[in-house]
Amino acid sequence: MRTTRSYLALALAFVLILTGQSMALARTAPGPDGQIVLCTGTGPVAVLVDDQGQPIGPSHICPDCALSLFQALAETAPEIAAPTSWLRAHPIEFTLVFHSPAPRPAVARGPPQAA
């Protein structure tokens, strides 16, 4: 049992190292400067290009927003339960008290001394 836990811990650490590296690369990858739309016989194709006009690979999915895709692919929206009871809101009474700071004493100084 102890060796199984050790192997599992090492495997999880290895997966974390691999996925952390790819996540860092996806975050720091430069974005495309534009796109070129090519009209082909099968339909238009958009090619992403850099600032030199050279084609770059497909854009990466932002790892921070990738989990929101699971919600978009869900077949049904989550059901929101109706409230079982209502609470009556009571107004809160408060008084504003303003305190002005004590006046600062005047501090005069001469010009800086020539060195």
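Just a few scattered comments:
- Flag for residue 107 being at negative phi, in contact with a strand residue (DSSP E or B) (Cβ under 7 Å, 6 or more places away or on another chain), β-branched (Val, Ile, Thr) and modelled with pLDDT of 75 or more: no
- Residue match in the stretch 63-75 (condition: of a type outside the set (Asp, Glu), within 28 Å of the chain's Cα centre (by Cα), modelled with pLDDT of 80 or more and part of a loop (DSSP other than H, G, I, E, B)): no
- Within the stretch 13-42, considering residues that are of a type outside the set (S, T, N, Q) and part of a loop (DSSP other than H, G, I, E, B), the one surrounded by the fewest Cβ atoms within 10 Å (Cβ to Cβ): 41
- Looking across the stretch 43-54 at every residue that is at pLDDT 80 or above and not aliphatic (A, V, I, L, M), the one that is surrounded by the most Cβ atoms within 10 Å (Cβ to Cβ) is identified as 50.
- For first residues located in the stretch 7-18 and modelled with pLDDT of 90 or more, partners that are outside any helix (DSSP H, G or I) and lie 6+ apart or on another chain with Cβ distances below 8 Å do not occur.
- The one condition from (1) under 28 Å from the mean Cα position of the chain (by Cα); (2) surrounded by 10 or more Cβ atoms within 10 Å (Cβ to Cβ) that residue 10 does not meet is (1).
The values are calculated or read from the model by the stated rules, or taken from the named source; none is laboratory data. Just so it is clear, the model here is predicted, and its values are computed rather than measured. When we count neighbours, we look across all protein chains shown, and the Cβ atoms used for this are built from the backbone with ideal geometry, even at glycine.
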